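These notes concern the structure reproduced below.
The values are calculated or read from the model by the stated rules, or taken from the named source; none is laboratory data. Quantities reported herein were computed from a predicted structural model and do not represent experimental measurements. Cβ placement follows ideal geometry from the backbone for every residue including glycine, while neighbour counts extend to all protein chains displayed. Ligands, DNA and RNA are excluded from the accessible area calculation, which covers all protein heavy atoms including side chains. Shrake-Rupley method; radii C 1.70, N 1.55, O 1.52, S 1.80 Å.
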Amino acid sequence: MKRWLLWVPLLVFAGVVLLVAMEMHRPADRTVFSRMVGKDLPAFDLKPMLADRPGIEPALYHQGKPRLVNIFASWCVPCAAEAPELAELAKRGVAIDAVAVRDTPEDVGAFLKRWGDPYARIGSDPMGRVQLALGSSGVPETFVIDGKGKIVKQHVGPIREDDIPGILAALEDAR
Amino acid sequence: MIAETGLVLLWLAASLALLQLAMAIIGLRFDRADIISAVRPVAIVQGLLTALAMGALILLFARTDLSVLLVAENSNVAKPMLYKIAGAWGNHEGSMLLWVTILGLSGAGIALFERRLAERTLIATLGAQALISIGFFAFLLLSSNPFARIWPPPADGRGLNPLLQDPGLAFHPPTLYFGYVGLSVAFSFAVGALVMRDVTPAFARAMRPWALGAWLFLTLGITAGSYWAYYELGWGGWWFWDPVENASLMPWLAATALLHSVTVLATRDGLRAWTVMLAVVAFSMSMIGTFLVRSGVLTSVHAFAVDPERGSFLLALLALYIGGALALFALRIGSVRQGALFDPVSREAGLVLNNLLLSVILGVVLIGTLYPLVAQGMGVQLSVGKPFFDKTIGPVALILMVALAFGPLLRWRSDDPRALLRRMRAPVAAALFALGMLVPFARGISVLPLIGLILAAALAVASILPLWGRNLRRTPLFTWGMVIAHLGVAVAVAGMASESAFTRERLVALHIGQGVQVGPYRVGFAGVRPEVGDNWSGIGGVLTVSRGGETVTLIPQQRYFSDPVTTTNESAILTVADGQLYTVLGERNPDGRWQLRLWWKPLVTLIWLGGGMMALGGLLALIGRVGREWRTKRRRRRIEMGYLP
């Protein structure tokens with residue numbers, strides 16, 4: 001056997017260690033990258049869920065101002081958990097539109113009464129079709145849409161307090 | 001006081017490990033018989049002290065002493081006793097302490113019982129072991145003290161991940177640890193043999209029980225872990241190619257190869273360099289695997305987060321030990337004489353084929369596990385999963401099964417290929433029979449499971465053939481072990497192939513009172529009811545399950561844990577002779593229907609039965625080998641003392 005071959009295992013191992021060492025000093029990034037980010041928001045028309053405000057129409061997202069689309073449901077517990085954070089965003093003047101998935105007006109009304117109401121518009125998505133078209137796998141999820149109808153950020157799961165700066169920054173960038 | 005005592009014990013043990021290393025080096029370097037003779041006692045005391053420190057930690061957890069930070073963070077007054085104790089090693093610091101404990105105890109075991117190996121090689125081995133222990137002691141004492149206090153103590157602890165509150169899992173990590181540490185002993189033997197240039201059959205015989213024991217625990221651990229993931233995670237799968245699972249599979253593959261090559265070295269004095277390499281690789285895989293999982297470098301379902309300081313420390317240790325051993329290997333193995341040679345058709349050649357195939361699988365698993373890391377380095381996020389592994393490993397595993405059928409029927413040194421084919425007649429007949437039985441179903445089955453089922457039949461027959469024509473009472477225990485372990489492989493593969501080929505799955509949403517058919521079972525949804533446990537509350541779906549005239553009630557649950565807030569799905573499984581009915585209760589739809597996930601999995605239990613048989617085979621082989629060594633030793637002593645001719 002050639003002598004240099006004996007050093008191959010050590011070299012392979014050194015490569016692995018180097019790779020791991022490099023990865024370890026990279027700051028952790030827990031963002032889930034969606035294929036939808038950077039794409040145009042699919043056009044959808046959603047009927048209003050509640051009588052007191054309109055539903056969602058495609059033109060909303062081409063008015064030059066960024067908006068949030070929040071996918072939620074009254075039967076989803078984490079959606080209640082993110083209510084204070086959504087309220088905080090709304091207080092800062094962010095326009096938030098809700099896509100209520102497989103829900104009823106009575107349940108949504110009760111949910112908003114109990115947990116607070118940050119929404120500018122609420123569209124009803126009885127079959128979860130819009131949810132699928134957006135590439136969203138569950139509730140809650142939140143999308144940042146710029147003023148030209150492009151998705152610039154997708155947030156999976158409930159928004160936590162420390163997620164707010166990132167979302168505000170994305171909204172600022174989209175302006 | 002217990003915490004402080006534990007810490008003192010740990011410091012004492014660490015100093016003794018340092019002493020053990022220094023004495024081994026000085027004794028061997030300057031040929032001082034007096035120093036060499038003191039290494040064994042030091043190793044024994046070091047092992048005992050470490051075990052006492054672990055005992056102190058377990059006691060703290062059993063009492064839920066919340067003034068200890070580790071207990072406060074990982075335990076809870078309300079937790080059942082079994083999980084309080086399991087909590088002692090269900091966290092980062094505790095698991096590291098468990099590691100050095102097992103390491104220390106096995107060092108003590110070698111020091112007490114190992115008499116076959118040349119004394120100098122044994123001392124070098126104990127020195128290598130001390131060096132490994134020192135690294136972990138330093139890690140515990142300098143960056144993750146398990147006995148650190150917290151003031152003021154909290155009113156209650158933070159609990160443990162509820163997924164982990166399961167009897168199977170309480171003992172899953174320690175089982176794997178026994179395996180990993182057993183491999184570290186094999187590693188130390190390899191380092192000792194390299195240092196002393198003493199790669200001999202005696203070295204192989206000294207190492208074999210440790211490799212065998214490690215393999216046995218890894219097999220048990222992986223089997224138990226697979227079953228736990230199967231019933232606890234509620235996904236109906238038994239293996240997910242998750243990095244954590246790969247981390248335990250890689251050392252197992254290396255240990256399996258080692259187990260077979262060490263036999264060639266012990267019986268025929270062949271494969272010297274290869275066996276040493278495998279011993280190094282097997283332990284390296286357990287360390288790399290554990291590190292990848294524990295450091296959070298790879299994102300996994302059950303990743304533990306470790307801060308970068310600790311991660312760097314572990315990485316440095318790993319680089320030092322494995323890099324050092326590999327460098328030693330490259331420098332020294334050239335001066336180890338070549339071992340005995342053998343024919344291309346012989347038992348040795350069969351074992352080499354087994355080793356090569358296992359190494360290929362190991363390489364593929366390693367690449368698949370590390371690839372996301374490489375991609376991440378280039379800015380791409382991806383994960384490598386089932387489709388990749390099934391396609392690459394499936395075919396190699398099937399070839400390995402063919403080799404496994406032939407291997408034990410080969411003779412050592414040289415064999416006649418025609419005689420071999422004659423011996424294979426019964427297995428081939430079994431394969432043809434299985435093919436005939438499967439023809440009616442063949443349409444719906446994909447190729448791999450089909451071949452898997454056929455080969456399983458052939459392998460089952462072939463694995464029993466070594467017993468053919470033998471006096472079963474006089475057949476040595478380790479031959480029984482081999483037969484049962486190989487039969488276990490056939491059984492497990494049959495289970496895997498059957499699960500993959502014949503599973504019936506239904507995802508439905510039912511109103512109360514509705515029913516649905518899954519495989520041979522009619523599942524009726526009778527309603528939901530509240531359920532309460534020790535530290536959780538939940539709802540259970542009442543399912544009336546009937547087949548033929550028999551009806552059983554299954555209650556899959558959704559459990560809510562308050563501390564920390566988590567929901568888990570508790571599947572309900574009906575096990576019958578020909579398979580399992582697996583039921584999971586999902587969410588309630590807004591229209592009042594409940595989502596149910598139902599699977600009928602024929603013969604799925606064979607997977608774990610096979611795993612258990614492999615472990616049992618390993619146990620029999622271990623008892624058989626150790627027993628035979630012990631009997632020869634006793635006989636030799638009697639002859640020396642003049643009792644026997």
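Basic side chains Lys and Arg get +1 at the Cβ, acidic Asp and Glu get -1 at the Cβ, and with that the dipole of chain B about its Cα centre reaches some 2580 debye. To the nearest Å, what is the center-to-center distance of region B:412-426 and region B:447-471, using C-alpha atoms only? Result: 16 Å between the Cα centres.
Only lysines eight or more places from A:Lys148 in sequence, or on another chain, were considered; those with a Cα closer than 18 Å are A:Lys39, A:Lys65. So for region A:31-174: antiparallel DSSP bridges make up what percent, rounded to the nearest 5? Approximately 55 percent, going by the DSSP bridge assignments. Estimated purely from DSSP H runs of n ≥ 4, each contributing -39500 (n - 2.57), the mean residue ellipticity at 222 nm for chain B is -21500 deg cm²/dmol once divided by its residues. Compute the FRET efficiency between B:Arg506 and B:Val8 as 1/(1 + (r/R0)^6), taking r as their Cβ-Cβ distance and R0 = 60 Å, and round to the nearest 0.05. For R0 = 60 Å, the calculated efficiency reads 0.50. A DSSP coil position with no more than 16 other Cβ atoms inside 10 Å describes the following trypsin sites (Lys or Arg not before Pro) in region A:64-120: A:Arg92. Think of the protein assembly as shown as a dipole: +1 on every Lys or Arg Cβ, -1 on every Asp or Glu Cβ, centred on the Cα centre; then among B:Ser144, B:Pro602, B:Leu122, B:Leu122 lies furthest on the positive end. Distance from the Cα centroid of region A:106-134 to that of region B:498-525 is 32 Å (rounded to whole angstrom).
Other protein chain C-beta atoms within 10 Å of residue C-beta, averaged over B:312-319: 3. Its Cα centre serving as origin, the protein assembly as shown has a Cβ charge dipole (Lys and Arg +1, Asp and Glu -1) of approximately 3700 debye.
Loop-located chymotrypsin sites (Phe, Trp or Tyr not before Pro) across region B:47-155 with a Cβ neighbour count of 15 or fewer within 10 Å are lacking, with loop assigned by DSSP.
Across the options B:Gly513, B:Leu554, B:Gly586, the greatest Cα extent toward the positive end of the charge dipole of region B:504-602 (unit charges at beta carbon of Lys, Arg, Asp, Glu) belongs to B:Gly513. Taking 30 Å as the straight-line reach from the Cα of B:Lys601, the lysines in range (excluding those fewer than 8 positions away in the same chain) are B:Lys386, B:Lys391. What the Cα convex hull of chain B gives, in volume per residue, is 197 Å³. Within 10 Å of the Cβ of each residue in A:3-12, the mean number of Cβ atoms contributed by other protein chains is 5. Only helices reaching 15 angstrom along their own axis (Cα) with mean Kyte-Doolittle hydropathy no lower than 1.6 count here, and for the DSSP H runs of chain B these are B:2-29, B:33-63, B:425-438, B:447-464.
Seen from B:Arg504, the other residues with C-beta closer than 14 Å to its C-beta sum to a net charge of +2, counting Lys and Arg as +1 and Asp and Glu as -1. Round to the nearest 10 and give me the degree value, 0 to 90, for the angle of helix A:164-174's Cα axis relative to the longest principal axis of chain A. In chain A, helix A:164-174 runs at an angle near 80 degrees to the longest axis. Per residue, the accessible area of region B:504-602 comes to 47 Å² when a 1.4 Å probe rolls over the protein heavy atoms.
Each Lys and Arg Cβ is given +1 and each Asp and Glu Cβ -1; about its Cα centre, chain A then shows a dipole of about 680 debye. Among the residues of B:326-333, the average count of other protein chain beta-carbon atoms within 10 Å of the residue beta-carbon is 4. Here the accessible area is traced with a 1.4 Å probe on the protein chains. For the protein assembly as shown, carbon and sulfur cover 64 percent of it.
In straight-distance terms, cross-link reach from B:Lys633 covers every one of the aspartates and glutamates whose alpha-carbon lies under 18 Å from its own, apart from those fewer than eight places away in the same chain; here that gives B:Glu114, B:Glu119. Give the separation of the Cα centroids, region B:341-368 to region B:69-140, in Å. Using only Cα atoms, the two centres lie 32 Å from each other. Projecting the Cα atoms of B:Ser261, B:Tyr227, B:Val365 onto the charge dipole of the protein assembly as shown, computed from C-beta unit charges around the Cα centre, puts B:Ser261 farthest toward the positive end. Put simply, chains A and B cover up around 2200 Å² of each other's accessible surface, both sides summed, when a 1.4 Å probe is used. Of the chymotrypsin sites (Phe, Trp or Tyr not before Pro) found in region B:386-480, those in coil by DSSP whose Cβ has at most 16 other Cβ atoms within 10 Å are B:Trp412, B:Trp468.
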